[in-house]
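Novice: I have a structure I would like to understand better, so I am pasting it below and will then ask my questions one at a time.
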Amino acid sequence: MNWTEKQLQTITHRGKNILVSAAAGSGKTAVLTERIRRIVTEDRVPLSEILVVTFTEAAASEMKSRIFAALAEAASRGDPFAEKQLAQMGAAKIMTFHSFALSILKQHFHIIELDPSFQVCDEQRAAFLKQEAMDLLFAERFEANEEAFPDFLKNYANARNENEVRDMISELYRFVRTLPDSFEWLARNVSLLFADGQTFWDSPAMDFARDEIAYVLARIRRSAAELGVMLGRLGFPRMAQKNEADLRQLETLEKVFASGDYDGTRAALEGIGFSRFSPGKQEKENGWEAYSELVKLRRNRVKDEIKSLRETFFARDAAVCAEEIRQAAPYAHIL
């Protein structure tokens, strides 16, 4: 196989930790397999000293089959080391993360006082246990006879059942479990829920979103600027001039946001109006038809991002947002 320079570096690099980042379908599995093959057959490292973990069973199986084929070929040429490794192929630690973790638990269950007869819970059993735990949770909260919990359900469940609230609890649980110090993070952020109509800009809720909004505004402003340069180079000065008007609106929007004016940013977003690109004689002569779809695509991306910002972060004025957060804070504590 003909490897690229970067792939060959990954295959042959030794003595240091390496991180390889590449798109799907770019040959990562093949490169890793070749690296392992060479480590075994050329560097003479036994398979028993190598651990390979993958995300899927398919990738692990593919690696095993490729390494097996390479060792079988070397063994057929009379390589005793390859023959020995081939005999140990069944015990090679080439497996998924879950399989590796399971093997560790089975070997060292006594260290964490785990019942050696433990079993991995399948999806059906897991779903049943989660439902059982949810039923127990709701029963306990109702039996506590607290006014806050029924009030919480009144605001977030529908009239027929509590399924929407149950789904919300499950989704939140799945999310926080992906975080380090998950429940500490949750308690800390819930405690920060605060907003005042006059200081909403500095509230934790807005602080959480500020960097994201600034990033998106900078990105769409750069996109519009790049489009203007492209239009000028392609010989569409009339379109470039219209794009310049759009760009000035975006620059103004970015400045208003940077000044800390939430309601001003909201007004600027509502007031943005993009120029209509209709080709004139010069544009048609310079081949506008060939580029019109590309220009339309790039402008639509900017428009879509503006719309998304407006709907996600600026749908209501600061006072309303502050009041909504204030009202939601006690329910967040319950959740």
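Novice: Please find the FRET efficiency linking residue 218 to residue 275, where r is the Cβ-Cβ separation and R0 is fixed at 22 Å, and quote it to the nearest 0.05.
Specialist: 0.55
Novice: For the range 235-316, how big is the tail of P(r) above 15 Å, as a whole percent of Cα pairs?
Specialist: 62
Novice: Under the rule a/c < 1.5 gives rounded, and otherwise a/b versus b/c splits prolate from oblate, where does the range 83-216 land using the Cα gyration tensor?
Specialist: It comes out oblate by the Cα gyration axes.
Novice: Follow-up. Would you tally the net charge around residue 150, using a Cβ to Cβ cut-off of less than 14 Å, leaving residue 150 out, and scoring K and R as +1, D and E as -1?
Specialist: My count for the surroundings of residue 150 gives -4.
Novice: With a sphere of radius 10 Å drawn around the Cβ of residue 14, what net charge do the other residues whose Cβ falls strictly inside it have (Lys, Arg +1; Asp, Glu -1)?
Specialist: My count for the surroundings of residue 14 gives +2.
Novice: So what is the accessible area of the range 175-246 per residue, in Å², with the probe set to 1.4 Å?
Specialist: The answer is 59 Å² per residue.
Novice: Given a 1.4 Å probe and the protein chains all in place, what does the accessible area of residue 115 round to, in Å² to the nearest 10?
Specialist: The accessible area comes out at roughly 90 Å².
Novice: Follow-up question, since we're still on this one. If you take every residue apart from residue 182 with its C-beta less than 13 Å away from the C-beta of residue 182, what net charge results, scoring Lys and Arg +1 and Asp and Glu -1?
Specialist: Result for the local shell: +1.
Novice: What is the spin-label model distance, in nm, from residue 8 to residue 48 if the labels are put 7 Å beyond Cα along the C-beta direction?
Specialist: Label at residue 8, label at residue 48, 3.5 nm between them.
Novice: Moving on to the next point. Here is the link list: 16/93; 255/296; 64/84; 64/93; 6/93. Which ones come out longer than 19 Å on Cα distance?
Specialist: 16/93; 255/296; 6/93
Novice: Report the accessible area of residue 98, computed with a 1.4 Å probe over the heavy atoms of all protein chains in place, in Å² rounded to the nearest 10.
Specialist: 150
Novice: Whose amide H sits under 5 Å from the amide H of residue 96, counting only residues 5 or more places off or on another chain, with H placed in the peptide plane?
Specialist: 54
Novice: Sorting 211, 246, 263, 167 by accessible area (1.4 Å probe), largest first, what list results?
Specialist: Solvent-accessible surface, decreasing: 211, 167, 263, 246.
Novice: Tell me the carbon and sulfur percent of the accessible area for the chain, rounded to whole percent, probe radius 1.4 Å.
Specialist: 53
Novice: Another question about this same structure. Using a probe radius of 1.4 Å on heavy atoms only, what accessible surface per residue do you get for the range 78-119? Whole Å² is fine.
Specialist: 71
Novice: Additional query: Could you order 120, 45 so the one with the most accessible surface comes first? Probe is 1.4 Å.
Specialist: 120, 45
Novice: Roughly how many Å is it from the Cα centre of the range 59-132 to that of the range 29-45, as a whole number?
Specialist: 18
Novice: In addition: What number does the chain give for Rg over Rh if you use C-alpha atoms and the Kirkwood radius?
Specialist: Ratio value, two decimals: 1.11.
The values are calculated or read from the model by the stated rules, or taken from the named source; none is laboratory data. Computed from a predicted structure; not experimentally measured. Positions of Cβ are backbone-derived with ideal geometry, glycine not excepted, and every protein chain shown enters the neighbour counts. Each accessible area value is taken on the protein alone, full model and side chains, heavy atoms only, with ligands, DNA and RNA left out. Shrake-Rupley method; radii C 1.70, N 1.55, O 1.52, S 1.80 Å.
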